[in-house]
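The values are calculated or read from the model by the stated rules, or taken from the named source; none is laboratory data. For clarity, every value in this text was computed on a predicted model and none was experimentally measured. Cβ coordinates were reconstructed from backbone atoms using ideal geometry, including for glycine residues, and neighbour counts include every protein chain displayed.
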Amino acid sequence: MEDLNAILAPGMLVRHPDCPDWGLGQVQSNIDRRITVNFREHGKVVIDSTRVALVPVFDGS
């Protein structure tokens, strides 16, 4: 299985599939399978991409 989180780059928008109440998040960094995301409703979170597949958002909503 390929790591789809590997395509995530700083500035991209994402949602956390298990925490929809966190709202839209903006990727800050993606280094060594650790993705730092700043979520509108939850703040900055470091995601282990081996455990969570973030959902890219391309339309900004």
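Points worth noting:
- Residue match in the range 12-33 (condition: touching a Phe, Trp or Tyr at 6+ places or on another chain (Cβ under 7 Å) and acidic (Asp, Glu)): no
- Within the range 48-61, tally of residues that are surrounded by 13 or more Cβ atoms within 10 Å (Cβ to Cβ) and over 13 Å from LEU13 (Cα atoms): 3
- Residue list for the range 2-30, filter: part of a strand (DSSP E or B) and either among the hydroxyl-bearing types (Ser, Thr, Tyr) or at pLDDT below 95 (or both): SER29
- Subset of the range 23-47 [surrounded by fewer than 17 Cβ atoms within 10 Å (Cβ to Cβ) and within 18 Å of ASP59 (Cα to Cα)]: GLY23, LEU24, GLN26, ASN38, ARG40
- Scanning the range 42-51 for residues that are in contact with an Asp or Glu (Cβ under 9 Å, 6 or more places away or on another chain) and at pLDDT 95 or above turns up just one, HIS42.
- Scanning the range 7-61 for residues that are without any contact (Cβ under 8 Å) to a residue 12 or more places away in the chain and among the acidic types (Asp, Glu) turns up ASP32, ASP59.
- In the range 1-22, residue farthest from ILE47 (Cα to Cα) [restricted to those that are of a type in the set (A, V, I, L, M, F, W, C) and loosely packed, with under 13 Cβ neighbours inside 10 Å]: MET1
- Residues of the range 31-61 that turn out to be assigned to a strand (DSSP E or B) and on the phi < 0 side of the Ramachandran plot, as a count: 15
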